[in-house]
Every structure is written in C-alpha cells, then in structure tokens.
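Quick notes on the structure that follows.
The values are calculated or read from the model by the stated rules, or taken from the named source; none is laboratory data. Source: prediction; values computed, not measured. Ideal geometry is used to build each Cβ from the backbone, glycine not excepted, and the neighbour counts take in all protein chains shown. Protein only, heavy atoms only, side chains kept; ligands, DNA and RNA dropped before computing areas. Shrake-Rupley method; radii C 1.70, N 1.55, O 1.52, S 1.80 Å.
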Amino acid sequence: MLNVKNLTFSYNKSPILKNISFNVKMGENLAIIGESGSGKSTLLNLIYGEFDLNEGKIFWKNTEILGPKYNLVIGYEFMKYVHQEFDLMPYITVAENIGKHLSRFFPEEKEQRTQELIKVVELEDFANVKVKTLSGGQKQRVALARALAKQPEIILLDEPFSHIDNFKKQSLRRSVYKYLKNKNISCIVATHDKDDVLGFADTMMVLNNNEILDTGKPETLYKHPKTPLIASFFGEFNVIDNEIIYANQLKVVEQSNLKAKVITSYFKGSYYLIEAELNGEIVFFEHGTALEKDSAIYLSISE
Ligand code: ADP
Ligand code: MG
C-alpha cells in the first residue's frame, strides 16, 4: 500500500502542495484531477522520489520513498513512472525500447513479454519500426509498455493518453486499465480528462489551491460535487438556486415556472447542447433535437 502522510512541498517559497494525505491500496486505481498548474505532476514527482519533501512522509509498504538528498539514484524497482514527456531511445525499434530493461539471459521470455506488452498498447504493426519515426501518441504508447515491462507493483501515469488521438484512445484506455487490474498493479493517474477517470478509477482526488478539495468514488463526486470546479470536470452544468444542476438534468416540459428563451443549439452527436436564457442568466441543457432560436420553452429539473 502507498501511504502519503502530511506532505508539504514547495519548489521555491510558496507551497505547491500543503498537508496532503492519502492511501492507495494494492491494485487500486487512483485518479488525481485538478486544473493545469494545480500540482498533479509535482505530486507524482514526489511520490517517485524526485524531490525532497519539506514535510511529511511517503511509504510504499515498508519502504520509505526518499528524495535525492538521501538517494544517489532516483527511482525504485517496484515503481514505474510515465512522465508527461516520455524519453525513449529514438534510434532503436519499438520492441527494442520495450524490452530494453528485460534480461538478455532469457531471450524467449523477453520476446514473449515484449510481444504481450505490444498487444496491450496496440502497437503490433509498429514493433519493428524505429521510435524516431513515430507520432507523439505512438511514442506515448511505447513509454507505457516500457514502464510495464518489468512488472511494477505501482505505476504513476501523468496524462497517459493526452497525445493519443480519439480513434485509438477509448480502446487503448480499456486495454491498459484492464491489464493493470488483472495484474493487481496499483495505479495513480494524473489527468484533467474525465474519460480517464469514469469507468476506471476506484477513487478520485481533486487538487485545488494546494490542497485536497475532495476525495471519493467518482460516482459520489459526480452526484454530489462539493464545488462548481468539481462539477465542471464532469461536464456542462448550471447553478440554479445555489444548486449545481448538470446540463442533462434539465428537461424541456410543457409548462413549469422555469421559462427560458433559446439562444443556440450545438450538435453534440447523440444530443444537442442548448444554450438558453433563464431569468437573465445563461443555462445549458441537453435535448434530442435542435431548438429554434428565440423560442420560449419551459424547463424542469430531474434528479
Ligand atoms: P499540473 O501537473 O497539475 O499542471 P504542476 O505540478 O506541473 O501542475 O505545477 C504546479 C505548480 O508548480 C505550477 O505553478 C508550476 O509552475 C510549478 N512548477 C512545476 N515544476 C516546477 C519546477 N521545476 N520549478 C519551479 N516551479 C515548478
Ligand atoms: Mg502536469
């Protein structure tokens, strides 16, 4: 189990993270979310032992994670980290990069393991291609596979699918997270993409103003967002009578006391997002069809 206790850290004077405490169980998937600059990458760096803490302690099982002041070499065998900027060897192939840290003394096992991981990241067609010729998204997938090669007990992923296009993203996410669950590998993923979280994370933790704003099951945070910031992570929402109401909770009805005027209909695939004016404020709701500009409609809030 990972145990982070009362962690405080600053690069210079002002603290980036203050009094952060949480645990991650074996095989648990924890998503760390927060706006750009909220300290997600910093927290992963600290868990990896890249910097010395100002205060607090980090343990993996019984091993204390220590920073460069105490450790000549950064990193531990049981932990792997896929950085936002992945550094690969450009002049060797995808397969060679992935197998780089696997023992040469067991060539068959090495080959088998490399092939298994190439499948997980769906790079079968590129196994023998030199990494320098790959796209950003493909490189990101190689970095993921390489981190998994020598099976870690815990993996830190910093926006792991950010460079990967939408065509591949969904199936790749399922493949990687399924693999981690099957192997009982703990995972901490820093992201600002809700699709990295929903359906995969056991727990999510929201960083804001240097602190943990809330933590819990994604379902709980979705249903009871403490603040608009948390709601905005999940999608369009409105604040009506001081309540956070998601766009999909507002429905058009025959008659109600919420009379609105349609401004714009945005095509969103399976629905339209309608922008309307309600009591002088802008509201958003989802609707099956486009609605005529300036038409009057009545809205109702569903649970
Ligand atoms: P996130 O990953 O959530 O976008 P970061 O952890 O990268 O956030 O950054 C948190 C804050 O720390 C930002 O204000 C950033 O400018 C600052 N920061 C990040 N890395 C360094 C560094 N090496 N030295 C000084 N400040 C840094
Ligand atoms: Mg970051």
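What order do you get for 20-28, 205-213 when each peptide is scored by the mean count of other beta carbon atoms within 10 Å, highest first?
Ranked by mean Cβ neighbours within 10 Å, highest first: 205-213, 20-28.
What is the packing order of peptides 45-58, 180-193, 261-274, taking the mean over residues of other C-beta atoms within 10 Å and listing the highest first?
180-193, 45-58, 261-274
Which is farthest toward the positive dipole end of the range 236-301 among ILE244, TYR272, LEU299, measuring Cα position about the Cα centre, with Cβ charges +1 (Lys, Arg) and -1 (Asp, Glu)?
My answer, from the dipole projection, is TYR272.
What is the pair-distance distribution P(r) of the range 116-258, computed from all Cα-Cα distances in 5 Å bins starting at 0, with each bin given as a whole percent?
With a bin width of 5 Å, the distribution comes to 2, 8, 16, 17, 15, 13, 10, 8, 5, 3, 2, 1, 0.
Out of ALA231, ALA201, ALA276, any idea which swings most in a Gaussian network model of the chain, alpha carbons joined below 10 Å?
Comparing ALA231, ALA201, ALA276 in the GNM, the peak value goes to ALA276.
Provide the net charge surrounding LYS57, with neighbours chosen by a C-beta distance below 11 Å and charges set as Lys +1, Arg +1, Asp -1, Glu -1.
Charge balance near LYS57 sits at -1.
If you add up the charges near GLY39, with Lys and Arg at +1 and Asp and Glu at -1, over every other residue whose beta carbon is less than 13 angstrom from its beta carbon, what do you get?
-1
At a 1.4 Å probe, what is the % contribution of carbon and sulfur to the accessible area of the range 66-115?
Of all accessible area on the range 66-115, carbon and sulfur atoms account for 58 percent.
Nothing charged except the Cβ atoms of Lys and Arg (+1) and of Asp and Glu (-1): what's the magnitude of the dipole of the chain about its Cα centre? Round to the nearest 20 debye.
Value, rounded to 20: 1000 debye.
DSSP loop GluC sites (Glu not before Pro) in the range 257-295 with at most 10 other Cβ atoms within 10 Å of their Cβ, which ones?
Within the range 257-295, the qualifying GluC sites (Glu not before Pro) (loop, at most 10 other Cβ atoms within 10 Å) are GLU292.
Sorted from largest to smallest, which semi-axis lengths in Å does the alpha carbon gyration tensor of the range 1-86 give for its equivalent ellipsoid, taking the root of 5 times each eigenvalue?
Semi-axes from the Cα gyration tensor: 18, 16, 14 Å.
Whenever you get a sec, compute what percent of the accessible area on the range 236-301 sits on carbon and sulfur atoms (1.4 Å probe).
Heavy-atom surface of the range 236-301 belonging to carbon and sulfur, 1.4 Å probe: 45 percent.
Keeping all protein chains in place, calculate the accessible area per residue for the range 1-116 (probe 1.4 angstrom), answer in Å².
Heavy-atom SASA per residue in the range 1-116 reads 57 Å².
Of the candidates PHE284, PHE105, PHE59, which one comes out as most mobile in a Gaussian network treatment of the chain with C-alpha springs shorter than 10 Å?
PHE105
Sort largest first and round to whole Å: the equivalent ellipsoid semi-axes of the chain, each the square root of five times a Cα gyration tensor eigenvalue.
They are 42, 25, 15 Å, listed from largest to smallest.
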